[in-house]
1. In nm, to one decimal, how far is the modelled label at A:Thr9 from the one at A:Lys170, with both set 7 Å along Cα→Cβ?
2. So if I average 1/r over every pair of distinct C-alpha atoms in segment B:46-113 and take the inverse, what Kirkwood radius in Å does that give?
3. Starting from the Cα-Cα distance between A:Asp222 and A:Arg197, subtract it from 0.36 nm times their residue separation and give me the gain in nm to one decimal.
4. What number comes out for the charge environment of B:Tyr261, summing +1 per Lys or Arg and -1 per Asp or Glu over other residues with Cβ under 9 Å away?
5. How far apart, in nm, are the 7 Å Cα→Cβ label points at B:Glu196 and A:Lys181?
6. Taking only Cα atoms, what is the 0 to 90° angle, nearest 10, from helix A:185-197's long axis to the longest principal axis of chain A?
7. Could you state the number of Å between the C-alpha centres of segment A:122-153 and segment B:247-295?
8. If you take every residue apart from B:Cys2 with its C-beta less than 15 Å away from the C-beta of B:Cys2, what net charge results, scoring Lys and Arg +1 and Asp and Glu -1?
Amino acid sequence: MQTIDMASTELRQLNSTLQAQSTKTDDAEWVIENTRGAHALAVGLDAPIKVTVKGSTGYYCAGMNKRADIYVTGSVGPGVAENMISGSVTVDGDASQYAGATGHGGLLNIRGNASSRCGISMKGIDIVVHGNVGHMSAFMAQSGNLVILGDAGDALGDSLYEARLFVRGKVKSLGADCIEKEMRPEHLEFLADILKRAGADAKPEEFKRYGSARKLYNFNVDHADEY
Amino acid sequence: MCGIVGLFLKKDDLRPRLGDLLTDMLITMTDRGPDSAGIAIYGDAADGLKMTIQSATPDEHFDGLEETLTALLRAPVRMRVIDTHAVLTLPEGSEAEVRAFMAEKGIRVMGVGDSMEIFKEVGLPKDVAARFGIRQMAGSHGIGHTRMATESAVTTLGAHPFSTDENQCLVHNGSLSNHNRMRRELARKGFAPQTENDTEVAACYISSRLAEGANLGEALDGTLQDLDGFFTFVVGTKNGFGVVRDPIACKPAVMAETEDYVAFGSEYRAFAGLPGIETARVWEPEPATVYFWER
């Protein structure tokens, strides 16, 4: 295990050291200390390594992650795990706005709450939030799964494409073209698996599923006068 | 952008360190606003009314001012000059007369209160803080701002905090879009903004609501109905400290609370030097939700 102390390390040096593990892995486990809320920690990684970020972070922690398993012991600022490709990002605390935005794959596991726009424009990532999510979550979400153990804020899944949304608590309101859908066996099976992987204390049967009504996919000629 | 910070102490132990802690918070937010910086600090109550004034030519304006005012008011006036600012201690009931005097001389009044002092200038936050010796200041609570200007020019008067009534001050991250209409409405109510700045309109709005009898929570709640635009506001009053974000909430905000204090920051980085932050409750204030603390 290698420890990087941010009190004596430049951010670029940290990221280039971790990014260099993609070609030659020096160590499978890394610990980053003294983060003091810094931005852009552990971004652009592409190696099967484990990275523990001790404390809370600023913007864009663990962005563009591929293959690495990144664990943050505190809370994260806006844009955590943005555009993740694969691997996992786990946050012990809360996440600020647009967590997991545009993510293509991997697992984002937030043990606290996520604020507004969680999973905006997600494209295949799986996101589990153990607490609540804020307004406009999964806005224009294209594919992947957003699993919320708590409540969802206003306009959940507005202008949704094919992402699947699962909520255990209350939904304050659904966004345009987002509707509740039936829970089929494959959904219960999926939930059982992802809840286990996320270490979440919840049963698949407790969730409701939401998805796209697919009414915004095509132009409705009856609306022509409105333009 | 802009960066805002606030610190409200629940206990007296940290009072001597308030300026020191706020200065570190402010400097950390330099990336968000390098144009200008300012701070409002609620220190010890004066024996009389505190008035913070500012001048572009302090050597000329402040020379002999203490004696001139003492003669004018026929009562002792004390003056503490700090760089381009000075804090006057005035006899109660003399505010209107002194304001008229300052207007005639071209000296700007930054704020008036029992314990509040306001310092703001153009320049990097570290330089502004050093010029005014903010690190050495003690107090119960304070708010600060680092500015990246969008709606009005980079000037001393365009910097935050804005104080538009006794003991009140406000800092803002965002931009308001209905400030011209609000400006006219507020002027009719006797709270005319003195600058072209949109934030001052919000400060006047809150002052007008408080003057009408609203409490701080109600006044902050009113901003959600009556002000249009992007905002995270942090407001200071004699005994309190309040926070509100617009319903879209795209301007960042994070809060931390321990047994000793409540802290506000645009980013978590601002909290990194606070005592006990490792075990503090840290959370993001909800959109369109009013938070306030009063002692």
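Read-outs throughout are calculated quantities, based only on the coordinates presented, and are distinct from any laboratory measurement. If you're wondering where the values come from, they're calculated on a predicted model, not measured in any experiment. For neighbour counting, all protein chains shown are included, and Cβ atoms are generated from backbone atoms with ideal geometry for every residue, glycine included.
1. It works out to 4.5 nm between the two label points.
2. The Cα-based Kirkwood calculation yields 11.7 Å.
3. Working: separation 25, 0.36 × 25 = 9.00 nm, distance 4.61 nm.
So the extension gain works out to 4.4 nm.
4. Neighbourhood net charge equals -1.
5. A separation of 5.3 nm, rounded to one decimal place.
6. Computed tilt is about 20 degrees.
7. 24 Å
8. Local net charge: -1.
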